[in-house]
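Here's the structure we're looking at; comments come further down.
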Amino acid sequence: MADSSAPASTTPYGTLPPASNPAERKPLSLPRLAGMQARGEKIAMLTAYDATFAAMADAAGVECLLVGDSLGMVCQGQSSTVGVSLDAMRYHTECVARGLQRVQGTAWIVADLPFGSYHQSREQALASATVLMQAGAHMVKLEGGGWTTETVRFLVERGIPVCAHLGLTPQTVFALGGYRVQARETESAERLRADALALQAAGAAMVVLEMVPASLASRLTGELERCATIGIGAGRGTAGQVLVMHDMLGINLGRNPKFVRNFMEGAGGVAEAMRAYVAAVKDGSFPDDSLHAW
Ligand code: KIV
C-alpha cells in the first residue's frame, strides 16, 4: 500500500500524487492480484498498445495493462479483431513492456492470443503464448469456454498464467451475430457459469466477463474464489474493470459502447483522465447503474 504521507513525484506526465508514485508501489504478481481480490480491493485494467500510453497508465495507478487485440480496430483500422496476427501482438506487447521498463513500471501485462493462434492444438497455443511471454507479457488471454479449458490447463501446467474471456468474445463476433449482450437467458447463463468454473479449475487466474448481465457477473465473482473477474459492460459487481483506452478517452473512430464513460470530460489531459478512471474503479463509482450493456 502506498504511503500517503510520501512526497509527490514528478514524471514526464506531470506531478503525480504519492499514491501514484511508482517508487511507492510493488510490482504486480499473481499472489498480489489474488490478495486484492480476497480483500475486495478493485482491480483497474486498461488496454495499452504502445510505450507512452503504457507508461502513463502505469503512472496513473492502472494495475493491469491489456495488450488487447482490439488494437486491430484502434491502431490498425480493421473492422474486427479477426485479422490481428500473432506478430502484431508480439510487436505491441514489446512496445508496452519497453514503456514500462523505461519508467520502472509495476503493472501486470496481459496479452491477447489472437484469432487462429490457439485454435488448432494445445501445442500451437503453447508456441503462440511463448512468443507473447518472451515479448514481455506476464499473462496471456484467450477467448471462449468449453474446448479452451484443456488448452488453459496445458498452458498453466507449463508455467504460463492465463486469463480467460467469456460472454461477448469479439473474435467470434460473426458466429455470435454481432456485438450484443450474452447469457441473458437461464440456459446460456448456466452454460457460461459452468465454463467459468471449469476454467478456474483448469487454472485460469483471471476471467474477463464482457457484456453479460450484472446479476450473472456478480454471482460469478462470489463463486470464483481463485479467479478474478474483470468486467466490461458487466455491471459493478466484478473484482475489477477493463476498458479500451481509446473508448475511455473518447477518441475511438466509431460510436462508444453505451457502458463506457468518457473520462476526458472534465479532465485536464490524458494523465488526469486515467487517474480519474483508476479512482472511479477503486471507489466503485465506475460503472454506475446507468452504464451497462443491456
Ligand atoms: O482486446 C481487447 O481490448 C479486449 C477487451 C475488450 C477486454 O479483449
- strands (runs of 3 or more DSSP E) (entirely within the stretch 132-240) containing at least 3 residues that are polar (S, T, N, Q): none
- Mind listing whichever residues of the stretch 83-116 are in a loop (DSSP other than H, G, I, E, B), free of Cβ contacts under 8 Å to residues at least 40 places away in the same chain and not aliphatic (A, V, I, L, M)? Gly83, Ser85, Gly116
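For (1) at pLDDT below 95; (2) more than 13 Å from the ligand (Cβ to nearest atom); (3) closer than 24 Å to Met56 by Cα; (4) of a type in the set (Phe, Trp, Tyr), each residue gets a yes or a no:
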{"position": "Ala97", "(1), (2), (3), (4)": "no, yes, yes, no"}
{"position": "Gln104", "(1), (2), (3), (4)": "yes, yes, yes, no"}
{"position": "Tyr118", "(1), (2), (3), (4)": "no, yes, no, yes"}
{"position": "Arg122", "(1), (2), (3), (4)": "no, yes, no, no"}
{"position": "Ala135", "(1), (2), (3), (4)": "no, yes, yes, no"}
{"position": "Val140", "(1), (2), (3), (4)": "no, no, yes, no"}
{"position": "Trp147", "(1), (2), (3), (4)": "no, yes, no, yes"}
{"position": "Glu157", "(1), (2), (3), (4)": "no, yes, no, no"}
- Mind checking which residues of the stretch 241-270 are assigned to a loop (DSSP other than H, G, I, E, B) and within 12 Å of the ligand (Cβ to nearest atom)? Val244, Asn252, Pro257, Phe259, Val260
- Message: For the stretch 263-288, which positions are within 22 Å of Leu209 (Cβ to Cβ) and surrounded by 18 or more Cβ atoms within 10 Å (Cβ to Cβ)?
- Response: Phe263, Tyr277, Val278, Ala280, Val281, Lys282, Phe286, Pro287
- Name the single residue, out of those in the stretch 225-238 being surrounded by fewer than 24 Cβ atoms within 10 Å (Cβ to Cβ) and not basic (Lys, Arg), that is nearest to Gly68 (Cα to Cα). Gly237
- Query: What do you reckon, is Val212 more than 12 Å from the ligand (Cβ to nearest atom), closer than 22 Å to Ile109 by Cβ, touching a residue at least 12 places away in the same chain (Cβ under 8 Å) and of a type in the set (Val, Ile, Thr)?
  - Reply: no
- Query: Are any residues in the stretch 146-178 aromatic (Phe, Trp, Tyr) and farther than 26 Å from Ser29 by Cβ, and if so, which ones?
  - Reply: Trp147, Phe174
- Task: Could you figure out which of (1) closer than 29 Å to Gln124 by Cβ; (2) under 14 Å from the mean Cα position of the chain (by Cα); (3) more than 13 Å from the ligand (Cβ to nearest atom) isn't true of Met206?
- Result: (3)
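The values are calculated or read from the model by the stated rules, or taken from the named source; none is laboratory data. Since we're looking at a predicted model, the values are computed, not measured. Note: ideal-geometry Cβ built from the backbone for every residue, glycine included; neighbour counts use all protein chains shown.
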